[in-house]
Amino acid sequence: MNDELLVELQSLEALLHTNEVRQDPEALAALLHPDFEEFGRSGRRYSRCEVLAEFTDGACLPKVQAESYEVSLIGEGVALLTYTSAHAAEGPTRRATLRSSLWVLSRGKWRLRFHQGTPVHT
């Protein structure tokens, strides 16, 4: 179950990294839980409305490189996905970020309830 869940949630998370989804309000909204919130890498707190407004403004965002995905089933229909990411355009001085995403299964679909990015200091 965890291997299948990891593949599914990793795929959904990867969709959130694409400009196609980020620039499509309906596609992005479909992946975000109604009570979604985020603590960004910067330390800023974002509501669902703020994320939808910021990401769907048409700006092209840098490609995200993500790796080292792991998943833990927290409870019935609740999973924690963790991984490391960086923007591809940053070259040899990558700004790595530890990521954690809390996914909730609702009406047969996984939706992102909470996301946090924590800078990795090297």
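What's the Cα-based Rg to Rh of the chain, Rh via Kirkwood?
Working: Rg = 14.0 Å, Rh = 14.8 Å.
Checking Rg against Rh, the ratio lands at 0.94.
Just want the answer: with Cβ charges of +1 for Lys and Arg and -1 for Asp and Glu, which residue in Ala96, Tyr69, Gly108 is farthest toward the dipole's positive end in the chain?
Value computed over the given set: Ala96.
Per residue of the chain, what 222 nm ellipticity follows from adding -39500 (n - 2.57) for every DSSP H run with n ≥ 4, rounded to the nearest 500? Kindly include the intermediate steps, with their values, before the conclusion.
Numbers: 4 runs with 34 residues, N = 122.
For the chain, the value works out to -7500 deg cm²/dmol.
Could you list the GluC sites (Glu not before Pro) in the range 13-86 that lie in coil according to DSSP, counting only those with at most 16 other Cβ atoms within 10 Å of their Cβ? Walk me through the intermediate numbers first.
Numbers: sites: Glu13, Glu20, Glu26, Glu37, Glu38, Glu50, Glu54, Glu67, Glu70, Glu76; in loops: Glu76.
Passing sites in the range 13-86 are Glu76.
Might you report the magnitude of the Cβ-based charge dipole of the range 2-119 about its Cα centre, with Lys and Arg at +1 and Asp and Glu at -1, to the nearest 20 debye?
Here the size comes out at about 320 debye.
Rule-based calculations on the coordinates, nothing more; no lab input. Quick caveat: nothing in here was measured; it's all calculated off a predicted structure. Positions of Cβ are generated from backbone atoms using ideal geometry, with glycine treated the same way; all protein chains shown enter the neighbour counts.
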